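Enquirer: One structure, as structure tokens, below. Some questions next.
The values are calculated or read from the model by the stated rules, or taken from the named source; none is laboratory data. The structure presented is a predicted model; accordingly, all values stated were derived computationally and were not measured. Please note: Cβ atoms are built from the backbone with ideal geometry, for glycine as well, and neighbour counts cover all protein chains shown. Surface areas here come from the heavy atoms of the whole protein model, side chains and all, with no ligands, DNA or RNA. Shrake-Rupley method; radii C 1.70, N 1.55, O 1.52, S 1.80 Å.
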Amino acid sequence: MAPLETLDSEVWERVVDIGLSGVWRAFRAGLPHVKRHRGHLLAVSSMAAFVHSPLNGPYVTAKAGVWALCDATRLELRHEGVGVGSAHPTFFKTPMMDDVHADPAGTTLWGGNRAGLWKTVPLGKVVDAVVTGIERRSPMIVVPRRIAPAARTPGLVRPLVDRIGFRGTTVPDAIARASETGWITRR
């Protein structure tokens with residue numbers, strides 16, 4: 001987590017390469033098998049694809065790119081009987097979230113993910129929604145469902161999220177606490 005002004009270019013490249021190009025590589029590698037079986041491709045995106053947060057430029061870019069890649073690929077493959085979906089969970093317990101909670105900038109932005117817009121959801125809820133989405137060949141899985149309007153109408157919801165989710169001096173306070181380069185160091 002770092003502002004664009006000081007973000008290390010290697011952080012940008014690594015996050016986008018893993019988060020977006022990695023999905024493209026996996027889809028390309030699996031596509032012959034999936035086409036043969038008229039299966040379903042699913043990529044894990046994030047709420048960050050449609051709710052963009054400060055200090056996370058490479059991450060939100062990669063996740064929005066995954067969403068766009070899934071939409072484009074779904075259109076390319078629908079005549080082949082292949083489904084393509086994207087999963088958009090909100091915050092849930094992962095090693096990445098442990099890093100966010102250990103980062104003073106992350107704690108400032110999301111308040112430890114204890115309540116409100118940024119509240120962490122149980123892992124089981126995410127798993128259940130993804131499994132159901134795969135079974136239904138859903139083009140979009142949003143967890144929890146209460147954030148689905150933000151995914152369906154991002155241009156309308158984003159200004160509200162900007163005002164409600166990042167009030168007052170939250171963003172400048174987080175920038176003041178952020179790593180200058182974006183490299184995460186375990187504390």
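Enquirer: Skipping prolines and chain starts, which residues have an amide H placed within reach, meaning under 5 Å, of the one on Ile141, given they are 5 or more residues away or on another chain?
Expert: Residues meeting the criterion, in which the H sits 1.01 Å from N, are Ser86, Ala87, His88.
Enquirer: Under the rule of at least 5 residues apart or a separate chain, name every residue whose amide H is placed under 5 Å from the amide H of Phe92.
Expert: For Phe92, the qualifying residues are Val121.
Enquirer: With θ set to phi - 60°, apply the Karplus curve 6.51 cos²θ - 1.76 cosθ + 1.60 along the stretch 168-175 and write out the HN-Hα couplings as whole Hz, x wherever there is a Gly or Pro.
Expert: Along the stretch 168-175, the couplings run x, 9, 3, 5, x, 5, 5, 4 Hz.
Enquirer: Same structure again: Specify the angular offset, from 0 to 90 degrees and rounded to the nearest 10, of the alpha carbon long axis of helix 22-36 from the longest principal axis of the alpha carbons in the chain.
Expert: Long axis of 22-36 versus the principal axis of the chain: about 20 degrees.
Enquirer: Whole number in Å², please: accessible area per residue of the chain, 1.4 Å probe, ligands, DNA and RNA not counted.
Expert: Using a 1.4 Å probe on heavy atoms only, each residue of the chain averages 56 Å².
Enquirer: Still on this structure, I have one more. Tell me, what ³J(HN,Hα) does each residue in the stretch 120-135 have, in order and in whole Hz, if you take phi through Karplus 6.51 cos²θ - 1.76 cosθ + 1.60 with θ = phi - 60° and put x for Gly and Pro?
Expert: Computed from phi, the couplings for the stretch 120-135 are 5, 9, x, 4, x, 5, 5, 4, 4, 5, 5, 4, 4, x, 5, 4 Hz.
Enquirer: Per residue of the chain, what 222 nm ellipticity follows from adding -39500 (n - 2.57) for every DSSP H run with n ≥ 4, rounded to the nearest 500?
Expert: -16000 deg cm²/dmol
Enquirer: Work from the charge dipole of the chain (Cβ charges, +1 for Lys and Arg, -1 for Asp and Glu, about the Cα centre) and give the residue of Phe27, Val131, Ala72 farthest towards its positive end.
Expert: Val131
Enquirer: May I pose another question? Once you list every other residue whose beta carbon is under 15 Å from the beta carbon of Ala176, what net charge do they have if Lys and Arg are +1 and Asp and Glu are -1?
Expert: -3
Enquirer: When the accessible area of the chain is computed with all protein chains present and a 1.4 Å probe, what percentage of it is carbon and sulfur?
Expert: On the chain, the fraction of accessible area on carbon and sulfur atoms equals 59 percent.
Enquirer: How compact is the chain by the rule of thumb for globular proteins, expressed as Cα Rg over 2.2 N^0.38 Å?
Expert: 1.06
Enquirer: Taking H as built 1.01 Å from N, whose amide H comes closer than 5 Å to the amide H of Leu41, not counting residues under 5 places away?
Expert: Gly83, Val84, Gly85
Enquirer: Straight-line reach from Lys119: which lysines have Cα under 29 Å away, leaving out those fewer than 8 places along the same chain?
Expert: Output for Lys119: Lys63, Lys93.
Enquirer: Suppose every Lys and Arg Cβ carries +1 and every Asp and Glu Cβ carries -1, with no other charges. What dipole size does the stretch 1-53 come out with about its Cα centre, to the nearest 20 debye?
Expert: In debye, rounded to 20, the stretch 1-53 gives about 700.
Enquirer: Using each residue's phi in the stretch 153-167, evaluate 6.51 cos²θ - 1.76 cosθ + 1.60 at θ = phi - 60° and report the 3J(HN,Hα) Karplus result to the nearest Hz, with x for Gly and Pro.
Expert: In residue order, the calculated couplings are 9, x, x, 8, 7, 3, x, 5, 4, 4, 6, 7, x, 10, 6 Hz.
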